[in-house]
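The next block holds one structure in the form of structure tokens; read it before the comments.
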Amino acid sequence: MRRGWVDADERWPQRAQIAARMIPAGASVLDVGAGSQGLASYLPASCRYTPADVVRRTPATLLLDLRRGPIPDRTWDVVVALGVLEYVDDVLAALRLLRRLGRTGIVSYAIYPRDRRQRRLNGWRSHASARTLGDYLPAAGWETLGVSRWAGQRIYLLR
Ligand SMILES: C[S@@+](CC[C@H](N)C(=O)[O-])C[C@H]1O[C@@H](n2cnc3c(N)ncnc32)[C@H](O)[C@@H]1O
């Protein structure tokens, strides 16, 4: 990835708060592409939080590469992927992999900017439209329960 996540976008906590509001107390939560694990601070204290990332940022981080697996042989009540699908080439395959990890899902995707050159400058490798995402989700086995819009992104609540 181009810059790494040291200079994380100051708006990401807003996205994490939107996601956290969708997560019930007591849920087990797998946060894929957890980064600095901001989501954890917005969850009800009774949630059991597991961070996962392609980079082991903390000792507790489960190493997981959404592009190729392998994935843990267990499931969580909620699998979350915020700001991650942009960095994989095959979004459908990644959604399928997420489907195996969570009974419900909260997944964000940056629909905008649409311009591919701009997306590549962000380090993004996927360029799906909202319509394509709408096709991929059921193909990956997800049913969409709700969609929130935030800063040019969609945040999907799935089961
Ligand atoms: C834009 S940051 C988002 C961090 C966090 N989810 C948030 O919203 O604040 C993207 C994160 O996804 C991770 N990531 C990138 N590619 C990945 C992959 N193939 N599998 C798992 N994690 C990945 C990065 O290491 C980074 O921590």
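No lab work stands behind these numbers, since they all come straight from the coordinates. Predicted model only: the values in this text are computed from it and were never measured. We place every Cβ from the backbone using ideal geometry, glycine too, and count neighbours over all the protein chains shown.
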Inset, instruction - Report ³J(HN,Hα) in whole Hz for each residue of the range 53-66, in order, from the Karplus equation J = 6.51 cos²θ - 1.76 cosθ + 1.60 where θ = phi - 60°; Gly and Pro get x. - result: 6, 6, 10, 7, 7, 9, x, 6, 6, 7, 6, 8, 10, 4
Inset, instruction - Note down the nm distance, to one decimal, between modelled labels 7 Å out along Cα→Cβ at Glu143 and at Arg21. - result: 2.4 nm
Legend entry - Relative contact order %, the chain, counting alpha carbon pairs below 8 Å whose residues are six or more apart: 19 percent
Inset, instruction - Would you pull out the residues with amide H under 5 Å of Gly83's amide H, same chain only if 5 or more places away, H placed 1.01 Å from N? - result: Ser108
Inset, instruction - Treat the count of other C-beta atoms within 10 Å as a stand-in for reagent exposure and order Glu143, Glu10 from fewest to most. - result: Glu10, Glu143
Legend entry - ³J(HN,Hα), Karplus 6.51/-1.76/1.60, whole Hz, each residue of the range 137-147, x for Gly, Pro: 4, x, 5, 8, x, 9, 9, 8, 8, x, 9
Inset, instruction - Scan around Thr104 for amide H atoms under 5 Å from its own, H built in the peptide plane at 1.01 Å from N, and keep only partners 5 or more places away or cross-chain. - result: Val78, Val79
Inset, instruction - Sorted from largest down, give the three principal axis spans of the alpha carbons of the range 52-104, whole angstrom values. - result: 29, 24, 19
Inset, instruction - Give me the orientation-averaged projected area of the Cα convex hull of the chain, in nm², one decimal. - result: 8.4 nm²
Legend entry - Amide H partners (placed H, <5 Å) of Val88, local residues excluded: Arg125, Ser126
Inset, instruction - List, in order, the whole-Hz ³J(HN,Hα) value for each residue of the range 153-159 obtained from phi through the Karplus relation with A = 6.51, B = -1.76, C = 1.60 and θ = phi - 60°; use x for Gly and Pro. - result: 10, 10, 10, 9, 9, 10, 8
Inset, instruction - Give, to the nearest whole percent, the P(r) tail of the range 12-92 beyond 22 angstrom, counting all Cα pairs. - result: 20 percent
